[in-house]
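The values are calculated or read from the model by the stated rules, or taken from the named source; none is laboratory data. Remember, it's a predicted structure, so these values are computed and weren't measured experimentally. As a convention, Cβ positions derive from the backbone with ideal geometry for all residues, glycine included, and neighbour counts pool all protein chains shown.
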Amino acid sequence: MAGKPRGSEELQHTADWSLRVWAGDLSALFEEAARGLNELAGVKPSGGKRVKRHFETEAPDAESLLVAFLSELIYYQEQQHIGFSIFDIRIFDMPNNEYRISADMEGAPIRSIGKPIKAVTYHNLKIEKTARGLEAEIVFDV
Amino acid sequence: MNIENLIQISDYEWEIPTDVRRDMRVPVRLFATRELIEQIISDKSLDQAVNAATLPGLVGSVIVMPDMHQGYGFPIGGVAATEFPGGVVSPGAIGYDINCGVRLLASKIELESARSHLDRLATLLNKYCPSGVGKEGALRVTTKELDHVLHDGSRWAMKNNFATEADLARTEESGCLEDAKPEKVSDRAKERGRQQIGSLGAGNHFIEVDVVDEIFDENAASIMGLWAGYLTVQIHCGSRGLGHQICTDYVQQFQSAVKKYGIDLPDRELVCAPMDTPEGQAYLGAMRAAANFAFANRQLLAHSARRAFEETFKSRDAYLHQVYDICHNMGKIETHEVNGRRMKVCVHRKGATRAFGPGTPGLPPEYQKIGQPVIIPGSMGTASWVLVGTKDSMARSFGSSCHGAGRVMSRAKAKHEVRGDALKKELEEQGIKVRAGSLSGLAEESPQAYKDVDRVVETVSEAGIARKVARLKPVAVIKG
């Protein structure tokens, strides 16, 4: 899927924050969602020691997997004050129709955060095939 | 959704009938003026209310308040009652910040004598009440101690000298929901809670010092201990990261519960489980634990606010007595009359306040005659209100009322149109002391991002589901 456009944009939402993300495949879509989350929250890394973490989980569908992955990033931001900027994400379609993520993440302690995100919602969350590859709209609780 | 889908019942009440969409199980009843309806229609909140009307086991109508606005899954400002125990409980219809609520405290300090001390008061409140997302609280508790907080709520605070019996008597549910199950709360949720207990958080949470600007009901105000010209404090906060993690955990778990119980919903954020199932029972136990955490947290913040007042004014008049503590995001088992039959229901309130009328069991003796105090915080720089619940609220809105002004502008737009530093200056020029952790966060919460709280209050008052007691005006705001 090399060459497919990828990115994210903030959407209007009255009470919370909403993000549209697009990319050529699921792994790239998850990475764009992570970058979009960092941007929305205004995560500023410090020049401190680099930190590496690994994350693995399974979910019954791709949307649940995305919520679990982004929730993990929120946990690291809030509780361990770590922001990740480099992602190596592998997503597997399992034989039992479930999805599995294995993600290596590298980042740094957070210097400051503008407006942190508190939770990821399932509201109207659907990963859809479009001309741009895959797209999803994610609503965050702030 | 457009205004043609709505049936006007009166100047302050509208209905979306069940024939608007085939999957609706009950109608939607709105308390709003035409002007407010026109604002509400500008976002997706009415579609969300119709989605909420598809939940299994609903009784009566889904109720929405004039401060309604778009949320996720369930609209903010919504109330839905499901039959107990066979109906469902939906974590998304209660919200992530379980038992987000407001506490009102009142002093005998007059504004005129306090003006020269307000800077110091704001600084001390900011110092003693840690704010900001993920900000750690001043108190450290062990995991075992946290389980006591989750089980006992404000009772834990009283045992540890952070609360008085009078505080508990003037707290919804006396500050403790029975049947909380700390064992149904994940380790991650407890980790988030353990670090954050005693802190204010960010977003729209705040501590505000107000002056009682005008009294509308002398008798009710004097029973509450509110006097024109005197200082009060509002504390708006919830269950912090602990509640968010519980909601995240159960919304995720209930994705499979709806398949197991054959429940088809228009939005995955509305996932639910029947209350008489292991899944439903587990969520109710965890949700009550989060509610108890929030009660204890507001109590700790009240304790810190008392310290700030006493250090600032060094006078017995500085003691902050509790007027009431109310919850905004909660699922409660209550008894209501529906279609002429008294029945137990789970009342989901998301961005709505319990507003029990006079004589309702559970209110402290002094409020039995006047009804439950309902605290309506405004947006920064605007008025807040103290109301009381009415007999009509019991009959028409499952004993509920509005919870605030209600947003009307997106956060993205507010950030674009309002500069935090300019807003801070503007508020300071109005005589309002501001302590804010984030200027962009301040901009998102600017008054122009909200509806006119006076019109919202006018609507619930004219509709008869609440009655005005007093109006408050801000003199100092502390925000995360």
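See the values below:
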item	result
Failed condition for A:ILE86, given (1) out of contact with any helix residue (DSSP H, G or I) (no Cβ under 9 Å at 6 or more places or on another chain); (2) within 23 Å of A:LEU11 (Cβ to Cβ); (3) among the hydrophobic types (A, V, I, L, M, F, W, C)	(2)
Identity of the residue in region A:29-43, closer than 21 Å to B:ARG411 by Cα and touching a Gly at 6+ places or on another chain (Cβ under 8 Å), that ends up farthest from the other protein chains (Cβ to nearest Cβ)	A:ASN38
Matching residues, region B:394-406, being surrounded by 19 or more Cβ atoms within 10 Å (Cβ to Cβ) and either over 26 Å from B:ALA122 (Cα atoms) or at pLDDT 90 or above (or both)	B:MET394, B:ARG396, B:SER397, B:PHE398, B:GLY399, B:SER400, B:SER401, B:CYS402, B:HIS403, B:GLY404
Residue list for region B:345-393, filter: on the phi > 0 side of the Ramachandran plot and surrounded by fewer than 22 Cβ atoms within 10 Å (Cβ to Cβ)	B:GLY359, B:GLY362, B:GLY381
Strands (runs of 3 or more DSSP E) contained entirely in region A:41-133, each with at least 2 residues that are crowded, with 17+ Cβ neighbours inside 10 Å and within 16 Å of the chain's Cα centre (by Cα)	A:51-59, A:82-93, A:99-113
Meets criteria (modelled with pLDDT of 95 or more and under 30 Å from B:LYS473 (Cα atoms)) for B:VAL64	yes
Where B:MET330 falls short, out of the listed (1) crowded, with 24+ Cβ neighbours inside 10 Å; (2) within 14 Å of another protein chain (Cβ to nearest Cβ)	(2)
Flag if B:ARG307 is touching a Lys or Arg at 6+ places or on another chain (Cβ under 9 Å), surrounded by fewer than 23 Cβ atoms within 10 Å (Cβ to Cβ) and not acidic (Asp, Glu)	no
Any chance B:ALA476 is of a type in the set (Gly, Ala, Ser) and in contact with a Phe, Trp or Tyr (Cβ under 9 Å, 6 or more places away or on another chain)	no
Test: residue in region B:59-72 that is more than 22 Å from the chain's Cα centre (by Cα), surrounded by fewer than 24 Cβ atoms within 10 Å (Cβ to Cβ) and free of Cβ contacts under 8 Å to residues at least 24 places away in the same chain	no
Pairs with Cβ under 6 Å, 6+ apart, first in region A:58-76 and within 11 Å of chain B (Cβ to nearest Cβ) and more than 19 Å from A:PRO45 (Cα to Cα), second part of a loop (DSSP other than H, G, I, E, B) and of a type outside the set (A, V, I, L, M)	A:PRO60/A:GLU98
Qualifying residue in region B:29-40 (condition: out of contact with any helix residue (DSSP H, G or I) (no Cβ under 9 Å at 6 or more places or on another chain) and not in a helix (DSSP H, G or I))	no
Pick from region A:11-28, criterion within 27 Å of B:GLN48 (Cα to Cα) and away from every other protein chain (no Cβ under 14 Å), ranking: surrounded by the most Cβ atoms within 10 Å (Cβ to Cβ)	A:VAL21
Every residue from region B:270-283 that is surrounded by 24 or more Cβ atoms within 10 Å (Cβ to Cβ) and either aliphatic (A, V, I, L, M) or within 14 Å of another protein chain (Cβ to nearest Cβ) (or both)	B:LEU270, B:VAL271, B:CYS272, B:ALA273
Condition check for B:ASP421: on the phi < 0 side of the Ramachandran plot, touching a Leu at 6+ places or on another chain (Cβ under 8 Å) and acidic (Asp, Glu)	yes
Residue identified as part of a strand (DSSP E or B), within 14 Å of chain A (Cβ to nearest Cβ) and of a type in the set (Gly, Ala, Ser) among B:GLY60, B:GLY95, B:GLY77	B:GLY77
Those residues of region A:89-115 which are within 15 Å of A:ALA33 (Cα to Cα) and modelled with pLDDT under 95, in sequence order	none
Flag for B:ARG115 being more than 22 Å from the chain's Cα centre (by Cα), more than 14 Å from chain A (Cβ to nearest Cβ) and either of a type in the set (Lys, Arg) or not in a helix (DSSP H, G or I) (or both)	yes
Which numbered condition B:ASN51 fails, given (1) away from chain A (no Cβ under 14 Å); (2) not in a loop (DSSP other than H, G, I, E, B)	(1)
Selection count where residues are touching a residue at least 40 places away in the same chain (Cβ under 8 Å), surrounded by fewer than 16 Cβ atoms within 10 Å (Cβ to Cβ) and over 20 Å from B:LYS451 (Cα atoms), scope region B:16-51	1
Within region B:183-239, considering residues that are within 13 Å of another protein chain (Cβ to nearest Cβ) and aliphatic (A, V, I, L, M), the one nearest to the chain's Cα centre (by Cα)	B:ALA202
